[in-house]
Amino acid sequence: MALTKKTAKSYPLNVPGLSIPAIGLGTWQSSPGEVGKAVEAALRNGYRHIDTAFGYRNEKEVGEGIRASGVPREEIWLTTKLDNPWHKRVKEGLDKSLENLGVEYVDLFLVHWPASIDPDNEGANDGKGEVYGDWDYIDTWREMQKLVGTGKVRAIGVSNFGIKNLERLLSHESCKIVPAVNQIELHPGNPSPKLVAYNTSKGIHSSGYSPLGSSDSPLYTNDTIKSIAESKERTPQQVLLAWGVQKGWSVLPKSVTESRIKANFDLDGWELTEEEVKKIDAIPDRFKVCGDDWLPIKVFFGDDE
């Protein structure tokens, strides 16, 4: 088997000439005091893909980390996301993220959730907020499409969209641009084969957040993962990331510890065998790191599995 260099691997998108690097640094739940150093460490250690979001409340520090790294902006793939209360203010939302990040453009701008929250009622519903009565993600996507060609985004996409919401979006007459990416939770406890296959069938790249299954992941002690890791003299985390990349999606491991950031990128020169991939595919335990019970509407209907 030819050994691929995973750290140099990228996946072509449905935008001509654009490819997304296979391994990125995730920054969800990375606090402002530590995320800048994490981004700087990742870029200094070879990462060229950074994922953030307005909703993470850390874009400013992510931008500082990018500048501190000394890596030229044009060598970095940078993704951010439109927050739920900004769905009626798409252009303003992007401009605010660009200002926070201190950059002139992002490579990928995503609709973070298919939930259009009214900013005037964010505290309603026990803090879940309320959705607009006259606006939803179909309208948001219509406005997202207007960003293409402005020089402020290279690609647009979605996140946390299951098949039901994607079907509705793609079949709507106002949808002229197919999302380049659907960023979703992907790990052996939430492998989502139907959704990944659906994305692929529509030319949408799947990008996996929480690829390690969270910081106290039960996958780290899973017998299948552990035995494969031991046989390869690798960590469970490295095995989980190799599984995702070999399955065909980009992975976004989050860490703020430089040693772990380095280890998560140490994926070259070895591969999982086809049999090992199948063993991981067959892990029966299911769990989600991020559900939809904190939102005022359901966005997952079992169609994200």
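Listing for the model above:
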{"read-out": "Filter pass, GLY133 being surrounded by fewer than 14 Cβ atoms within 10 Å (Cβ to Cβ) and small (Gly, Ala, Ser)", "value": "yes"}
{"read-out": "Positions within segment 16-34 being open to solvent by 30 Å² or more (accessible area, probe 1.4 Å) and touching a helix residue (DSSP H, G or I) at 6+ places or on another chain (Cβ under 7 Å), in sequence order", "value": "TRP28, PRO32"}
{"read-out": "Where LEU272 falls short, out of the listed (1) over 15 Å from PRO191 (Cα atoms); (2) out of contact with any helix residue (DSSP H, G or I) (no Cβ under 7 Å at 6 or more places or on another chain)", "value": "(2)"}
{"read-out": "Condition met for ASP281 (of a type in the set (Asp, Glu), open to solvent by 50 Å² or more (accessible area, probe 1.4 Å) and under 22 Å from ASP51 (Cβ atoms))", "value": "no"}
{"read-out": "Selected residue [more than 28 Å from LEU166 (Cβ to Cβ), without any contact (Cβ under 8 Å) to a residue 40 or more places away in the chain, under 20 Å from the mean Cα position of the chain (by Cα) and open to solvent by 30 Å² or more (accessible area, probe 1.4 Å)] from GLU61, GLU99", "value": "GLU61"}
{"read-out": "Some residue of segment 261-278 being buried (at least 17 other Cβ atoms within 10 Å of the Cβ), part of a helix (DSSP H, G or I) and not hydrophobic (A, V, I, L, M, F, W, C)", "value": "yes"}
{"read-out": "Filter result (closer than 13 Å to TYR220 by Cβ and either polar (S, T, N, Q) or open to solvent by less than 20 Å² (accessible area, probe 1.4 Å) (or both)) within segment 230-252", "value": "THR235, GLN237, GLN238, VAL239, LEU240, LEU241"}
{"read-out": "All positions within segment 35-54 that are open to solvent by 30 Å² or more (accessible area, probe 1.4 Å) and assigned to a helix (DSSP H, G or I)", "value": "LYS37, GLU40, ARG44, PHE54"}
{"read-out": "Some residue of segment 202-219 being open to solvent by 30 Å² or more (accessible area, probe 1.4 Å), among the hydroxyl-bearing types (Ser, Thr, Tyr) and over 17 Å from the mean Cα position of the chain (by Cα)", "value": "no"}
{"read-out": "Search result, residues across segment 136-145 that are in contact with a helix residue (DSSP H, G or I) (Cβ under 7 Å, 6 or more places away or on another chain) and either β-branched (Val, Ile, Thr) or open to solvent by 30 Å² or more (accessible area, probe 1.4 Å) (or both)", "value": "ILE138, THR140, GLU143"}
{"read-out": "Matching residues in segment 99-134 - criterion: being touching a Leu at 6+ places or on another chain (Cβ under 7 Å), of a type in the set (Val, Ile, Thr) and closer than 29 Å to LEU170 by Cβ", "value": "VAL106, VAL111"}
{"read-out": "Cross-chain or 6+ apart pairs with Cβ under 6 Å, segment 153-171 first and open to solvent by 20 Å² or more (accessible area, probe 1.4 Å), then assigned to a strand (DSSP E or B)", "value": "ARG154/ASP107"}
{"read-out": "Hey, TYR105 among the aromatic types (Phe, Trp, Tyr) and under 26 Å from VAL71 (Cα atoms) or not", "value": "yes"}
{"read-out": "Pairs, first free of Cβ contacts under 8 Å to residues at least 12 places away in the same chain in segment 267-278, second surrounded by fewer than 15 Cβ atoms within 10 Å (Cβ to Cβ), C-beta under 9 Å, six or more apart", "value": "GLU274/MET1"}
{"read-out": "Residue within segment 182-190 that is of a type in the set (D, E, K, R) and either open to solvent by less than 40 Å² (accessible area, probe 1.4 Å) or in contact (Cβ under 8 Å) with a residue 40 or more places away in the chain (or both) present", "value": "yes"}
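The values are calculated or read from the model by the stated rules, or taken from the named source; none is laboratory data. Just so you know, these numbers come straight off a predicted model, no measurement behind them. No Cβ is skipped: glycine too gets one built from the backbone with ideal geometry, and neighbour counts run over all protein chains shown. When the accessible area is computed, the model is the full protein with side chains, heavy atoms only, and any ligands, DNA or RNA have been set aside. Shrake-Rupley method; radii C 1.70, N 1.55, O 1.52, S 1.80 Å.
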